[in-house]
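S.K.: Next up is a structure, given as structure tokens.
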Amino acid sequence: MTTVASGPRAGAGAVTVPEQRRPPQAAPERRGNTAIADRVAMKIACCAAREIPEVREVHLGGLPWSRSSSAEVRGDRVTINLNLSMVYPSPLRAVAARLREHVSNRVHEQTGLHVDRVDLTLTDLDVEGSRHDGSAREHAFRR
């Protein structure tokens, strides 16, 4: 309750009125729509993939003979395709399984989308400890 005073004296002739109330909010599903763009889901997936130590690089643009990393959002579901390179030597299937689970969890945590699948295309292996100028890699494959 709120007290409203009238006149020059605050205590004389006070009237008590109910407080102003906000109208009740609509149910959450009726307040609006949040759309997650394909590109946003893809960027989250790429960032999550880079959190795995064996992943050396995630390729946003694909090689001429391969597809680019991408994501396709349909309603509350998403399908993710990642092109990446990993450190050599790594147990590729074990790393891929861990990578799929991590990317799926991270995308779901941040967007609320249900991840239907995470497809991985391994486009390169990076010899562990190699310099990024490619000389150590070339040396390793010349043997």
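Rule-based calculations on the coordinates, nothing more; no lab input. Please read all numbers here as calculations on a predicted model, not as lab measurements. Cβ atoms come from the backbone with ideal geometry, glycine included; neighbour counts cover every protein chain shown.
S.K.: Calculated FRET efficiency, ALA97 and ARG21, Cβ-Cβ r, R0 35 Å, to nearest 0.05?
M.R.: Details: r = 54 Å, r/R0 = 1.54.
Approximately 0.05, to the nearest 0.05.
S.K.: Then there's this: Quick one: which residues, 5 or more positions from ILE36 or on another chain, have an amide H under 5 Å from its amide H? H modelled 1.01 Å from N in the peptide plane, none for Pro or chain starts.
M.R.: none
S.K.: Provide the per-residue ³J(HN,Hα) series for region 86-100, in order, calculated from phi with Karplus coefficients 6.51, -1.76, 1.60 and θ = phi - 60°, each as a whole number of Hz, with x at glycine and proline positions.
M.R.: 10, 6, 10, x, 9, x, 4, 5, 5, 5, 4, 5, 5, 5, 4
S.K.: Mind checking the full-extension length gain between ASN33 and SER68? Use 0.36 nm per residue of separation minus the Cα-Cα distance, one decimal, nm. Provide the component values of the computation, followed by the final result.
M.R.: Numbers: separation 35, 0.36 × 35 = 12.60 nm, distance 2.88 nm.
Extending this stretch completely gives an extra 9.7 nm.
S.K.: Using modelled amide H (1.01 Å from N, peptide plane; none on Pro or chain starts), what sits under 5 Å from the amide H of THR121, excluding residues fewer than 5 places away?
M.R.: When sequence neighbours closer than 5 places are left aside, the close amide H contacts are LEU82, ASN83, LEU84.
S.K.: Relative to the compact globular guide of 2.2 N^0.38 Å, what is the alpha carbon radius of gyration of region 36-117, as a ratio?
M.R.: Working: Rg = 12.3 Å, N = 82, 2.2 N^0.38 = 11.7 Å.
In units of the 2.2 N^0.38 Å rule of thumb, it is 1.05.
S.K.: Convert each backbone phi in region 105-114 into a coupling constant with the Karplus relation 6.51 cos²θ - 1.76 cosθ + 1.60 (shift: θ = phi - 60°), then list the ³J(HN,Hα) values in order as whole Hz, x for Gly and Pro.
M.R.: Each residue of region 105-114 in turn: 5, 5, 5, 5, 4, 8, 10, x, 6, 8 Hz.
S.K.: While we're here: List, in order, the whole-Hz ³J(HN,Hα) value for each residue of region 20-34 obtained from phi through the Karplus relation with A = 6.51, B = -1.76, C = 1.60 and θ = phi - 60°; use x for Gly and Pro.
M.R.: 5, 10, 6, x, x, 6, 5, 4, x, 5, 9, 7, x, 10, 10
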